[in-house]
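The values are calculated or read from the model by the stated rules, or taken from the named source; none is laboratory data. If you're wondering where the values come from, they're calculated on a predicted model, not measured in any experiment. Don't worry about glycine lacking a Cβ; one is built from the backbone with ideal geometry, like all the others, and counts go over all protein chains shown. The area values use the complete protein model at the heavy-atom level, side chains included, leaving out ligands, DNA and RNA. Shrake-Rupley method; radii C 1.70, N 1.55, O 1.52, S 1.80 Å.
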Amino acid sequence: MESHEWRERTEEGVRYYRANRHANKWTFITTLKTDPDWETVDPVPEALWRELRDVLWRKYQRKRCPWKFIEDIDKMLGDEPKPEGR
């Protein structure tokens, strides 16, 4: 299992996100800095998928993440590059 984490500031306070990949399936959980309990995010909004892709892209540039993860998310979001000549 692999985990990727990031945070963002919201009106409620600092919100932490964690995306876990296990058996080719992604699960997302979130919590506030002041809340010790993690909550599952289901369904996952597109904005979270895009944030995860950005996190993975930065990790890929530092050779800490395989390109396949980014390709899979691009396919899911419909952001695949179109073949040339078509």
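Checked against the criteria, Thr34 counts as part of a loop (DSSP other than H, G, I, E, B) and of a type in the set (Ser, Thr, Tyr).
Within the range 48-60, the presence of at least one residue that is in contact with a strand residue (DSSP E or B) (Cβ under 7 Å, 6 or more places away or on another chain), modelled with pLDDT of 95 or more and open to solvent by 70 Å² or more (accessible area, probe 1.4 Å) is confirmed. Residues in the range 3-17 that are touching a strand residue (DSSP E or B) at 6+ places or on another chain (Cβ under 6 Å) and among the hydroxyl-bearing types (Ser, Thr, Tyr) were compared, and the one that is surrounded by the most Cβ atoms within 10 Å (Cβ to Cβ) is Tyr17. All conditions in (1) part of a helix (DSSP H, G or I); (2) of a type in the set (Lys, Arg); (3) touching a Lys or Arg at 6+ places or on another chain (Cβ under 7 Å) hold for Arg7, with the sole exception of (1).
Considering only the range 73-84, I want to know if a residue exists there that is surrounded by fewer than 13 Cβ atoms within 10 Å (Cβ to Cβ), of a type outside the set (S, T, N, Q), in contact (Cβ under 8 Å) with a residue 24 or more places away in the chain and assigned to a helix (DSSP H, G or I). Scanning the range 73-84, I find at least one residue that is surrounded by fewer than 13 Cβ atoms within 10 Å (Cβ to Cβ), of a type outside the set (S, T, N, Q), in contact (Cβ under 8 Å) with a residue 24 or more places away in the chain and assigned to a helix (DSSP H, G or I), so the answer is yes.
Residues in the range 18-40 that are farther than 21 Å from Glu71 by Cβ, open to solvent by 30 Å² or more (accessible area, probe 1.4 Å) and either in contact with a Pro (Cβ under 9 Å, 6 or more places away or on another chain) or touching a residue at least 12 places away in the same chain (Cβ under 8 Å) (or both): Arg18, Ile29, Leu32, Lys33, Thr34, Trp38, Thr40.
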